[in-house]
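The values are calculated or read from the model by the stated rules, or taken from the named source; none is laboratory data. Note that the structure is predicted; figures quoted are calculated from it, not measured. Positions of Cβ are generated from backbone atoms using ideal geometry, with glycine treated the same way; all protein chains shown enter the neighbour counts. Just so you know, the surface numbers come from the protein's heavy atoms only, side chains and all, with ligands and any DNA or RNA stripped out. Shrake-Rupley method; radii C 1.70, N 1.55, O 1.52, S 1.80 Å.
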Amino acid sequence: MSEAVPRPSTARASSSLSGRVTVPGDKSISHRSLMFGALALGETRITGLLEAADVLATAAAMRSLGAKVERHSTGEWSVHGLGTGGFLEPETALDFGNAGTGARLTMALAGAHPFATTFLGDASLSRRPMGRILDPLREMGVEVIARSGDRLPLTLKGASPMAPIEYRVPVPSAQVKSAVLLAGLNIAGTTTVIEPVPTRDHTEKMLKGFGADIEVKTTASGEAVIRLQGLPELKPQPIEVPSDPSSAAFLIVAGLICPDSDIVVEGVLLNERRTGLLQVLHDMGADLSIENERETGGERLGDVRARTSRLKGVTVPAERAPSMIDEYPILAIAAACAEGTTVMHGLEELRVKESDRLAAVAAGLAANGVTCEEGEASLAVTGGKVPGGATVTTHLDHRIAMSFLVLGLVADKPVTVDDANMIATSFPNFEETLRKLGADLKDQEPAFS
């Protein structure tokens, strides 16, 4: 995937945001829909798939591994899978662009097969460490050839046979948990994951829905113990992908902080392990309500209404982090507009996202005149008037770009992000959606020396 010419974008003070909008399908569920469809024997039909660069990279990877993946004129997708253990050796390297989730989970799927698979990524993904995924794969018998620091490009080759393991997840991470379980699908015997702190459970729910023999128990101490029997016959399923709460978060916060605003984001996933941000915003005094609550595919969803609110600073405990790890950048923007100081703990995971998100958020806030203090795994933001006027370095991170465009909607002076191209990895029509609500956003002409 070639690197695009940077496209700066600027947001200016806006008020009276209003209207009903939808956001793209949930990225976590979209990735997994394609993967489980590729592992099931037969045809899986998917509606509402997020058609963004990250998910399209996963679709391409599943094709390269032998599955038939098609998009139909109706917008529906179909995946004709090969059965567990049925992937074929790819003819070329799998290029995931900026898709960290797609790359890591596919490493687990392909790595458990007795052939070599090479993984590539863009400049941002190639800087991100993969060791936490590769360590348990090595324990199972996967041979890894990687750059120093376990970074892309890298090549994996599974042993024959592979060995199931019992693995205690060292830090809260749905990706690490999911990777061990996905590798375990292709290994005879019982794979066990012990999760001290609960994280997103889409993998467990979807495995059960596809017919896997999976058991989840909670110990007296609150740990989750997940046991999976390998080599199941997965059955194809119709999947309706709900709206991504991580994408909805940017619009929800915009509705809360822009004057005289009242917006509704429709069909948002309300999985209890994904609603940490909504809980924090409620604690801050946000005027939020859930309408038209319903269920699909074992997941709860509803329409989220956000109205202009007078927010106050709060302390966000570390245990809240797994349920909102992707939402801290936009929470920092809400905190910049709140009365008092908001303190966020347990943010070490932000250091290894698409960028060092903790450093990027702190730098962007400081550049725009917002008082903040960055700790090793914490961030304190003191709210008030937002001077703005700066250009924010996004480090090729879509969530940094979207967050600071939202900040620009309430700043005294316009806020510019140095590159809005990467927004397409998760929310291709983000800027168009904000404009539809009444926001003032414009692309900037690149500066030439």
For ARG227, indicate whether it is basic (Lys, Arg) and farther than 30 Å from ARG12 by Cβ. yes
Of the candidates ALA108, ALA183, ALA103, ALA179, the one satisfying the condition of being free of Cβ contacts under 8 Å to residues at least 60 places away in the same chain, under 23 Å from the mean Cα position of the chain (by Cα) and in a helix (DSSP H, G or I) is ALA103
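A quick yes/no check of all residues on (1) touching a Gly at 6+ places or on another chain (Cβ under 9 Å); (2) surrounded by 23 or more Cβ atoms within 10 Å (Cβ to Cβ); (3) not basic (Lys, Arg):
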| position | (1), (2), (3) |
| --- | --- |
| ALA363 | no, no, yes |
| HIS398 | no, yes, yes |
| ASP412 | yes, no, yes |
| VAL417 | yes, yes, yes |
| MET422 | no, yes, yes |
Could you list, in sequence order, all residues of segment 80-97 that are in a loop (DSSP other than H, G, I, E, B) and either hydrophobic (A, V, I, L, M, F, W, C) or free of Cβ contacts under 8 Å to residues at least 60 places away in the same chain (or both)? GLY86, PHE87, LEU88, GLU89, PRO90, GLU91, THR92, ALA93, PHE96
Report yes if some residue within segment 47-64 is part of a strand (DSSP E or B) and under 27 Å from LEU231 (Cβ atoms); otherwise report no. no
Selection from segment 339-349 of residues surrounded by fewer than 24 Cβ atoms within 10 Å (Cβ to Cβ) and either outside any helix (DSSP H, G or I) or of a type outside the set (D, E, K, R) (or both) yields GLU339, GLY340, THR341, VAL343, HIS345, GLY346, LEU347
Among the candidates LEU41, LEU49, LEU34, residue that is farther than 21 Å from ARG435 by Cβ and surrounded by fewer than 23 Cβ atoms within 10 Å (Cβ to Cβ): LEU41
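Yes/no per residue for (1) of a type outside the set (A, V, I, L, M); (2) within 22 Å of LEU152 (Cβ to Cβ):
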residue: ILE330; (1), (2): no, no
residue: ILE333; (1), (2): no, no
residue: CYS337; (1), (2): yes, no
residue: HIS345; (1), (2): yes, no
residue: GLU348; (1), (2): yes, yes
residue: ALA362; (1), (2): no, no
residue: ASN368; (1), (2): yes, no
residue: CYS372; (1), (2): yes, no
residue: GLY384; (1), (2): yes, no
Within segment 7-20, can you find the residues that are surrounded by fewer than 17 Cβ atoms within 10 Å (Cβ to Cβ) and either without any contact (Cβ under 8 Å) to a residue 40 or more places away in the chain or not charged (D, E, K, R) (or both)? SER15, SER16, SER18, GLY19
Segment 156-190: number of residues that are closer than 20 Å to GLY102 by Cα, modelled with pLDDT of 95 or more and either open to solvent by 40 Å² or more (accessible area, probe 1.4 Å) or of a type in the set (Asp, Glu) (or both): 1
Selected residue (only one of ALA224, ALA248 is under 30 Å from LEU109 (Cβ atoms), buried (at least 24 other Cβ atoms within 10 Å of the Cβ), of a type outside the set (S, T, N, Q) and touching a strand residue (DSSP E or B) at 6+ places or on another chain (Cβ under 9 Å)): ALA248
Within segment 128-139, can one find any residue that is touching a residue at least 12 places away in the same chain (Cβ under 8 Å), part of a strand (DSSP E or B) and open to solvent by 40 Å² or more (accessible area, probe 1.4 Å)? no
Matching residues in segment 143-155 - criterion: being modelled with pLDDT of 95 or more and open to solvent by 80 Å² or more (accessible area, probe 1.4 Å): GLU143, ILE145
Which ones in segment 237-272 are part of a strand (DSSP E or B) and either closer than 21 Å to LEU441 by Cα or hydrophobic (A, V, I, L, M, F, W, C) (or both)? ILE239, ASP262, ILE263, VAL264, VAL265, VAL268, LEU269
Would you please list the contacts, defined by Cβ atoms under 8 Å and residues six or more apart or on different chains, that run from a residue in segment 303-314 that is over 12 Å from LEU288 (Cβ atoms) to a residue that is open to solvent by 60 Å² or more (accessible area, probe 1.4 Å) and assigned to a strand (DSSP E or B)? ARG310/GLU339; LYS312/GLU339; GLY313/GLU339; GLY313/THR341
Odd one out for ILE290 among (1) more than 27 Å from SER18 (Cβ to Cβ); (2) surrounded by fewer than 19 Cβ atoms within 10 Å (Cβ to Cβ): (1)
